């Protein structure tokens, strides 16, 4: 099965996860900027950093070009990976896929938030706004700064190792 492992990364979080998955799948991760044709692959493993509840702009454009392929998605975000928001971010990414594509797997883990994003959010969202920088939100962002960690990378490797076995079975 010819596999493409493609990713978009802003702070290096998604790149780290892509590299860990690449070790397991024995494929070299490709940055989305290289823009390989999805038509040449049987399985596409696509990773993105979450931007406004979905894939970032570059990966949005790429996902929409994938037609009739098996696709596994992975993502990194500043929120808790077991939250409703995280699940929705993966669903939103899957909804971007072109016609006939089949989502065969989804994985998400926490990652550090770019400092410029935190600064922007502090300016954009005043106190009382649903996205305001509350003490709780700032604490979550601080916890996210240590991710993806070794446990996150090991979980990604285990997930994609099991997924590959299931697809090849």
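Quick note: the coordinates plus some simple rules give every number you see, no bench work behind them. A quick note: this is a predicted structure, and the numbers were derived from the prediction, not measured. So basically every Cβ, Gly included, is an ideal-geometry build from the backbone, and we count neighbours across all protein chains shown.
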Just the number, please: percent antiparallel of the DSSP beta bridges in the chain, rounded to the nearest 5. 10
What is the Cα centroid distance between the range 46-86 and the range 97-169, reported in whole angstrom? 9
0 to 90° range, to nearest 10: angle between helix 13-25 axis and the chain longest Cα axis: 30
Rank by packing, highest mean first: peptides 43-50, 109-116, with packing defined as the count of other Cβ atoms within 10 Å averaged across residues. 43-50, 109-116
Working from Cα positions, state the angle (0 to 90°, nearest 10) between the long axis of helix 150-168 and the longest principal axis of the chain. 30
By the gyration tensor of its Cα atoms, with a ≥ b ≥ c the square roots of the eigenvalues, what is the shape of the chain: rounded for a/c under 1.5, prolate for a/b over b/c, or oblate? prolate
Ranked highest first by the average count of other Cβ atoms within 10 Å around their residues, in what order do 152-165, 72-85 fall? 72-85, 152-165
Could you grab the relative contact order for the chain? Cα pairs under 8 Å, six or more apart, rounded to a whole percent. 23
With angles folded into 0 to 90 degrees, how steeply does helix 84-94 sit against the dominant principal axis of the chain? Use alpha carbons for both and round to 10. 40
